[in-house]
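Colleague: One structure is given below, represented as structure tokens, and several questions about it will come after.
The values are calculated or read from the model by the stated rules, or taken from the named source; none is laboratory data. Just so it is clear, the model here is predicted, and its values are computed rather than measured. Quick reminder, even Gly has a Cβ in these numbers, built from the backbone with ideal geometry, and neighbours come from all protein chains shown.
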Amino acid sequence: MKIALCQYDMKWEDKEANKSRIEELLADCKRRSEIDWLIFSEMTLSGFTMNSGVSELTDEDRAFFSGLAAENGINLSYGGVESNRNNLITLDRNGNRVNAYSKIHLYAFGEEDKHYTPGARQEVFELEGLRVAPAVCFDLRFPYLFWNLAEKADVYVVIAAWPMRRAEQWMTLLRARAVENQAYCIGVDRVGLEGKIEYSGNSMCYDPLGKVVMDCGTAEGIHVAEVPLDKALVARTRERFPFLGERKNFPWQ
């Protein structure tokens, strides 16, 4: 499966402007026909706002993404708030919902916990033969979320609004989650300014050995991978280095 990552400069709390921008970027993507799975960043249409009245997805918002998936024949993952939960939602090529994951670790440093309700369940879903474990932004800092699902997942996908000043941490943590769990790890971030906060993109994909599969740099756009995700590579890596089987639930007391 060939992935494409969209990192774009969102207009703050302006869903209609952002929908138009997404359509422009997709129309301008010369490799659009190669895309199997298109992934957007956190709170895709609103930016990372604490205004739940704006971030909450409407039926019209959901129809927009469903239409994008169906019209282009691609799987699609995007972010938005539903029932006051910060979600990562995935659709199939017909625009039908495959999964919705609710962010478990809310960003208390930015008071996200005062405005939204945390998720309470981890998810693994299948997308054209790949077992996918979703996460949202701050979840990335909690390795046990990834560790818990390692034997069930081929790919982790993390959508985020991760500031440029911590970009090195973002890329380091994505690579670490790939290496320690011997799975692909995809991270999608935005670009541009949001008030005084700057975002650099740096959307990435690492393979089960931590090698870079995709590096989007800091340019706005829809970036298409050169090589597809390979489920067999995950299996070969785990067979050659069977580290997952050596994990222990250490007796802390």
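Colleague: Can you give me the number of residues within the range 100-126 that are under 13 Å from the mean Cα position of the chain (by Cα) and in a strand (DSSP E or B)?
Modeller: Total satisfying the criteria: 3.
Colleague: Kindly indicate which of GLU168, GLU198, GLU194 is in contact with a Gly (Cβ under 6 Å, 6 or more places away or on another chain), farther than 15 Å from ALA135 by Cα and of a type in the set (D, E, K, R).
Modeller: GLU194
Colleague: Please specify each residue of the range 104-130 satisfying the condition of being in contact (Cβ under 8 Å) with a residue 60 or more places away in the chain and within 21 Å of ILE74 (Cα to Cα).
Modeller: LEU127, GLU128, GLY129, LEU130
Colleague: Sort out for me the strands (runs of 3 or more DSSP E) sitting completely within the range 1-83 that have 2 or more residues that are at pLDDT below 95 and touching a Cys at 6+ places or on another chain (Cβ under 8 Å).
Modeller: Filter on the range 1-83 gives an empty set.
Colleague: Of the conditions (1) assigned to a strand (DSSP E or B); (2) over 22 Å from PRO163 (Cβ atoms), LEU209 clears all except one; give me its number.
Modeller: The number of the failed condition is (1).
Colleague: Going through ASP154, ASP189, ASP139 one at a time, which residue ends up being over 28 Å from ASN84 (Cα atoms), crowded, with 19+ Cβ neighbours inside 10 Å and in contact with a helix residue (DSSP H, G or I) (Cβ under 8 Å, 6 or more places away or on another chain)?
Modeller: Of the residues listed, the single one that is over 28 Å from ASN84 (Cα atoms), crowded, with 19+ Cβ neighbours inside 10 Å and in contact with a helix residue (DSSP H, G or I) (Cβ under 8 Å, 6 or more places away or on another chain) is ASP154.
Colleague: Taking the range 179-206 as the search range and keeping residues that are part of a loop (DSSP other than H, G, I, E, B) and among the charged types (D, E, K, R), which one is modelled with the lowest pLDDT?
Modeller: Among those residues, the one meeting the criterion is LYS196.
Colleague: Sort out which residues of the range 212-223 are β-branched (Val, Ile, Thr), over 11 Å from LYS2 (Cβ atoms) and assigned to a strand (DSSP E or B), and write them in order of number.
Modeller: VAL212, ILE222
Colleague: Could you grab me the full set of residues in the range 23-59 that are among the aliphatic types (A, V, I, L, M), touching a residue at least 12 places away in the same chain (Cβ under 8 Å) and more than 14 Å from GLY192 (Cβ to Cβ)?
Modeller: LEU26, ILE35, LEU38, ILE39, LEU45, MET50, VAL54, LEU57
Colleague: Would you check which residues across the range 224-253 are among the charged types (D, E, K, R), in contact (Cβ under 8 Å) with a residue 40 or more places away in the chain and in a loop (DSSP other than H, G, I, E, B) and list them?
Modeller: If the condition is that a residue be among the charged types (D, E, K, R), in contact (Cβ under 8 Å) with a residue 40 or more places away in the chain and in a loop (DSSP other than H, G, I, E, B), then ARG247 is the only one that fits.
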